[in-house]
Structure formats: structure tokens, C-alpha cells
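All remarks here apply to the structure that follows.
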Amino acid sequence: MQLDENIKLALSGVSDHKFRSFLTMLGIIFGVASVITMLSIGEGAKREAIAKYQDLGVNNIIVREKNLSDNELEEVRARFSQGLSLQDAEVIREILPGVNQVASQAEIATEVKYADKSVKSTVVGVSAGYLEMMNYTLKSGEFIQESQYNSRMKVCVLGAGVATLLFAQTDPIGQMVKIDDQWMEVVGVLASKTLFTETVGELAARDLNTDVYLPLSTFLNRFTREKELSNEIQQITVQVENSATIVQASQLVNEILKRRHFNNEDYNIVVPYELLKQEEKERQIYNFLLGAIAAISLLVGGIGIMNIMLATVMERTREIGIRRSIGARKADIMSQFVAEAVAISITGGLIGVVLGVSLSLIVSFFTDVSTCIRLYSIVIAFAFSVIVGICFGYLPAKNAANLKPVDSIRYE
Amino acid sequence: MIKLVDVIKNYAIGENEIPALRNINLHIAKGEYVSIMGPSGSGKSTLMNILGCLDTPSSGHYFFKGTDVSILNDDQLSAMRNSEIGFVFQNFNLLPRLNSLQNVELPLIYAGMPAAERKKRALEALERVGLSGRLDHKPGELSGGQRQRVAIARALVTHPGILLADEPTGALDSKTGVEIMALFQELHDEGNTIILITHEAEIADYAHRNIFIKDGMIHSDKCRVVSD
Ligand SMILES: Nc1ncnc2c1ncn2[C@@H]1O[C@H](COP(=O)(O)OP(=O)(O)OP(=O)(O)O)[C@@H](O)[C@H]1O
Ligand SMILES: [Mg+2]
């Protein structure tokens, strides 16, 4: 029998009992829909995580000053620690193998004013290569140049949030803003960053869009901070050439700093790449669970199909006998019933795909869980449903084909 | 055309073997019109199923057009049923969800014939049995006699040359039965070989040769000269 006749026959088998076929499909429908939905939620979470860590730089090691209480600070000072300093950064640059760049930053929370407006901001003194290392992008103007750094110029780059708050209509470039009691010229504005609302490792969450950047040299010279030594900085960011050896590199950084801080651990080291890997590992477990759930639901769906198909074969013994008596071969009967099972599972799979895609969209629309539907998840879910149809249709079809013509045609 | 040599058929019921056919020897030539009669349970249907390749003998040989059918495999038997034999049942055995045309086309589908030719052949066969006007009717929408005509058309559509009919009039009233028998008469006149099981002597009288079966054995085998 030709393929097209087989397909026609299978489809008529399904449509002859629409409601029953639909019930049979339910398992497959929900299996496929849940696979697609869960995969899209997983993918959404993955993308968010990757974006988060990529913003921090996957090749970066971030050394951050610990927030110490007054007592603790006194204690570490008594044990000769100077806190994180420019010298630390310098030593790391010299000693650490495979280091690409080292950037230092010092911070102070203060007000930035322009005309009659003022905004609370984190003023960050940074070294020149900072922009590239942190994956920041400029919206207009330019970032702090080496020369401006060297000559301690009074220039600044505004975060997107600060710029929009202070300068509604006017172009901020070339304007003077007042930071603390210092006038600084705006030379650039950063593009808005969607970062980072979650605590990453020991890095506290903060809105980077309210940052204002100055040359670190200018910063250390002009801003006096309580309880801080003049060379003290809040963060050293070390960029290595290769993320494969970043864990060893971070351990080495720790060794260097421990020695220089006389065993005072008044700093934290955060390796975004390591955290990314960790989260990936956790997600692998999640993915594995997902896969197991999906497999089970498709299995249950398959068993549902098999169950109905076995009953169908019983019920249609007479039909099988008639077909056999007029010349259908075993293979014809076999393919008729397998095709019917596959038709059921494909239809179920298609409905499941539609349902799964809609569910994913609904989830991302109505909740703050972000989802991302990947084509491969649709292909996998669908392919699985076809395979389920073939596998679980096989046994009933074989039963049907093996009925003896003379017995089945007499079957009451 | 048909030759049975020492054919035995036993049915196993639990431990016991029930003999349905004991040592049947039979020869039927091309173009014959044979009736088979006998009491209920004597083995008529069993014999017919073997002749129709729906069943195989427990021992003995069945030659169809010279080939030993008892050694054919399942696919070959299917092919025999498909192209060499037309089977007509007492209870019609049509597929209830298909209309007349589709029912008649069915053997040709399994023969792998292209759709256009299939339809042409099926229409011819339905016309031959006088049912051109009922192509779209499902079996449930036809009378018993019409259903049997569809079944005969289905048996004829592959041009098998032999028709096996197991009590074809058994489920019909006598008037309709006579009409069906007239159709068989015509088909025989056109050169078809016909073997027909019946309980009724009047029906058997249509045939030229009457076989009587009792207890799984051929009790008598008489040729008649038909007057008209
Ligand atoms: N599938 C089977 N399993 C066991 N025994 C069977 C089977 N088919 C037929 N028989 C037995 O074989 C014998 C012959 O049966 P068969 O159907 O050939 O009789 P029949 O002559 O056609 O009778 P009827 O005129 O009532 O149709 C019976 O005794 C029956 O019980
Ligand atoms: Mg019988």
C-alpha cells in the first residue's frame, strides 16, 4: 500500500473518533507543552545570568574592600593593614602572570549638582582602561583619557541616570557640574545599564546608572574621605587574558593581598566567571530534572496512546479481518496502526507546541520571570512526540497484524 | 483449478483436538459452479476458509492453479486473497465507515493500483452488480441485498476468476436471495468459477455440481445436468 493511502487511512482513523483521539492526545499535549515552557523558562534564566556576569566581565577578578565596622577597622589598622591601595593594584599588575589590565577605583557617595538640580550619586574615581574592562558603552562624548588621568584634570563622565536627572534638555557635554565642592567638566555620558539589581557574590547590588566617573588621580587628590587613607581605594578589577585559568589567578591574587595586608582579610574577591560556572552547574541539575519530568510526561502520554491503541485494535478486530481477507498484508495492517498512533501523537505534539509557546509568552508577559523560546526545544519536543507515537504504537500494531485472518473475521 | 489432497483440519480446544475436516479430496475445474451443503457444524465454512486462503490445513495439500498453497508464506497468501480469490460472506463484511465505492476500491488499494484506475475499476464492478446509483451510501444506508451486491462487487473488482460464497443469501429474505442467485448465475455465465455454501436446496439447485459434507467428510458429490 502506498504512503499517501496510509496517511489518509491514519487521519480518518483519528477523525472517526475525534473526542477519543483528543483525550488520547492529552498526555502528549501536556508533555510537549510543559517541555517547551520549562525549557523557555530555563533559557530565560540562563540568558539573564549570562548577561549579569558578562556585565561584570567574565575575564575579571574583582577585589573589593570589605565593609568593616569601626571596631574591626581599628583592629586591622592595628595589625598594619593599609586597606586596598593603589600599591596593591600595582603589585598585582607586576606579579600576576597572564594579566591583561588592572583597574582601580575609589568611591564616595555624594551629591552632584547642576544649576538648581542635585542628585545623589556614587562618585567613582577610576583609572583609564576602566571603560573597556567593564564593558561599559558611551552614549556621547568620550571616557577619561590617559592624559586627563596623568594631569589630574577635573573632568567627569556621567551615568545615564545622572545625566537625565541633571540635564533634561541641554547637552551635558562641556557643562560644569559641582561634585561636593569641586567643579568638574562633563566629557562623556554612559549608555544606560540594566545592572545590577541582584547581589552577585559579595558584590552588593547597586544602580550603576547613578555613577559619576572621575580620573582616580583627581579623585584621590580632591576628595577627602572619613577614615580612609589617602591611597586607599575600594575596588581593584583585574582582567586576565584567559578565563580558563581565572580561578588559579584569583587564588594568586588572594595570596598576594594576604601577604601585603599582613593576613588581614579586609577585602573580598569575586570571580564572576566562577559564579557563572557555578550557576551553570546548578542549572544543569535543573535541566536534568526538567528532562526527567519531560521524559516521564511523554512516557505517560505514550502509555496513554498505547492503551487506547490496544483497545482500538480489539474493537476493530473485525475490520482487521476484513482487510486481511481482501488482501492486506501484515505489513499493511502494521503500518495502518502505527501511522494512526503517529498521527495522534503528531497532532498532540502540534497542539502541545502551540500551547507551550503560548504559555511561555503568557508567563513572560504576566510575571517577571523572563522566558526565551528556542527553536531547538520545539524541535526536540516535537520529535520526541513522534518517536513516542512510533514506539508505543508498535506493540498494538503488531498485535493487530498478527491476528489470524480467519479468527478476526469471525470475531463478534 | 482447485485441488485438495488429503486435507485435514483440526481445532485445538484446550487439551482436545476437534476434527473439523477429515481427509478431504476434491477437484474443481475452471468454470464450474459448485454448491456445498451439509448440516451445521459439518465443516463447510472451515473448508471454504481453506479454499479462500484465510486458513491453512492441519495437513494435506491445497493446489490452486497448480501452486501448492499450503507452503506459501503470509504475504503470498495475502496476495492470493487479493488478486486470485473473491470471497463473499453471509454477513457481507463491509467496512461500515466507508461508502460503497470506497469499500469496492479497498482490494485495489492493497494491490497498489493508482487512484484513477482504481476508481474506474470500482465503478465498473459496481455497475456490474447494478449499484451505480449507490456509490456514496455507507453500508448502514443500504438494504441487505444491496450490501451483498457491494460485497460481490468488491469480490469481483480484482477480476479473480473464482468466487467463494459462504451462505451469501443466508441473511437475506427469499426474494432478495433469488435476485442475488440470479447475479451469481450471470457471473457464472460470464466464465467465473463459483463455489457456494448454502443450507437451502433451492439455492443449491442453481449449481451444476452438488457436494454434500457430513462430519468433515465429503458424503456425496453429484454432477447435474441443468435443464434450461
Ligand atoms: N476457530 C475454531 N475453533 C475451534 N473449533 C472450531 C473453530 N471453527 C470451527 N470450529 C469447529 O469446527 C466444526 C466445523 O465448523 P464450521 O464452521 O466449518 O461448520 P459449518 O459447516 O460452516 O456450520 P454452519 O452451517 O453452522 O455454518 C464445528 O464443530 C466447529 O465447532
Ligand atoms: Mg458456516
Neighbours by Cβ (under 7 Å, 6+ apart or cross-chain): first from the range B:183-211, in contact (Cβ under 8 Å) with a residue 24 or more places away in the chain; second among the acidic types (Asp, Glu) and away from ligand 2 (no atom under 16 Å from the Cβ):
B:193/B:32; B:208/B:32; B:209/B:32; B:211/B:221
Filtering the range A:324-341 for residues that are within 8 Å of chain B (Cβ to nearest Cβ) and over 14 Å from residue A:402 (Cβ atoms) leaves a count of 3
For the range B:151-167, which positions are part of a loop (DSSP other than H, G, I, E, B) and under 15 Å from residue B:48 (Cα atoms)?
B:167
Extreme residue, surrounded by the fewest Cβ atoms within 10 Å (Cβ to Cβ), among residues of the range A:358-386 that are in contact with a Ser or Thr (Cβ under 6 Å, 6 or more places away or on another chain) and small (Gly, Ala, Ser)
A:370
Matching residues in the range B:50-76 - criterion: being in contact (Cβ under 8 Å) with a residue 24 or more places away in the chain and within 19 Å of residue B:161 (Cβ to Cβ):
B:50, B:51, B:52, B:53, B:54, B:62, B:63, B:64, B:65
Being more than 16 Å from residue A:325 (Cα to Cα), of a type in the set (Phe, Trp, Tyr), surrounded by fewer than 17 Cβ atoms within 10 Å (Cβ to Cβ) and modelled with pLDDT under 95, is that true of even one residue in the range B:54-64?
no
Condition check: under 11 Å from residue B:129 (Cα atoms), within 13 Å of another protein chain (Cβ to nearest Cβ) and out of contact with any strand residue (DSSP E or B) (no Cβ under 9 Å at 6 or more places or on another chain). Does residue B:182 satisfy that?
no
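Between B:153, B:165, B:125, which is at pLDDT 95 or above, surrounded by 19 or more Cβ atoms within 10 Å (Cβ to Cβ), closer than 30 Å to residue B:17 by Cβ and not acidic (Asp, Glu)?
Answer to the selection: B:165.
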Of all residues in the range B:103-119, which are surrounded by 13 or more Cβ atoms within 10 Å (Cβ to Cβ) and either more than 9 Å from chain A (Cβ to nearest Cβ) or part of a helix (DSSP H, G or I) (or both)?
B:103, B:104, B:105, B:106, B:107, B:108, B:109, B:110, B:113, B:115, B:118, B:119
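Only one residue in B:60, B:31 is on the phi > 0 side of the Ramachandran plot, among the small types (Gly, Ala, Ser) and in contact with an Asp or Glu (Cβ under 6 Å, 6 or more places away or on another chain). Which one?
B:60 is the lone residue from the list that is on the phi > 0 side of the Ramachandran plot, among the small types (Gly, Ala, Ser) and in contact with an Asp or Glu (Cβ under 6 Å, 6 or more places away or on another chain).
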May I ask you to list the residues in the range B:20-46 that are more than 25 Å from residue B:190 (Cα to Cα) and within 16 Å of ligand 2 (Cβ to nearest atom)?
B:20, B:21, B:24, B:38, B:39, B:40, B:41, B:42, B:43, B:44, B:45, B:46
The correct count of residues that are in contact with a Leu (Cβ under 6 Å, 6 or more places away or on another chain) and either more than 27 Å from residue B:127 (Cα to Cα) or away from ligand 1 (no atom under 16 Å from the Cβ) (or both) in the range B:172-206 is 2
Between B:49, B:91, B:73, which is closer than 20 Å to residue B:171 by Cβ, within 14 Å of chain A (Cβ to nearest Cβ) and surrounded by fewer than 17 Cβ atoms within 10 Å (Cβ to Cβ)?
B:91
Please list, ordered by first then second residue, the pairs with beta carbon atoms under 9 Å, 6 or more apart or interchain, first in the range B:155-166 and more than 19 Å from residue A:328 (Cβ to Cβ) and within 16 Å of ligand 1 (Cβ to nearest atom), second of a type in the set (S, T, N, Q) and not in a strand (DSSP E or B).
B:165/B:90; B:165/B:198; B:166/B:45; B:166/B:49; B:166/B:90
Are there helices (runs of 4 or more DSSP H) fully within the range A:215-320 with at least 2 residues that are of a type in the set (Lys, Arg)? List them.
A:246-260, A:272-315
Please name all residue pairs, on different chains or six or more residues apart, with Cβ atoms under 6 Å, provided the first residue is in the range A:1-29 and is within 13 Å of chain B (Cβ to nearest Cβ) and the second residue is surrounded by 15 or more Cβ atoms within 10 Å (Cβ to Cβ) and aromatic (Phe, Trp, Tyr).
A:1/B:110
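Scan B:199, B:159 and give me the residue that is within 14 Å of another protein chain (Cβ to nearest Cβ), surrounded by fewer than 17 Cβ atoms within 10 Å (Cβ to Cβ) and either within 16 Å of ligand 2 (Cβ to nearest atom) or closer than 16 Å to residue B:129 by Cα (or both).
Answer to the check: B:159.
The values are calculated or read from the model by the stated rules, or taken from the named source; none is laboratory data. Source: prediction; values computed, not measured. In this analysis, Cβ positions are derived from the backbone assuming ideal geometry, glycine residues included, and neighbour counts consider all displayed protein chains.
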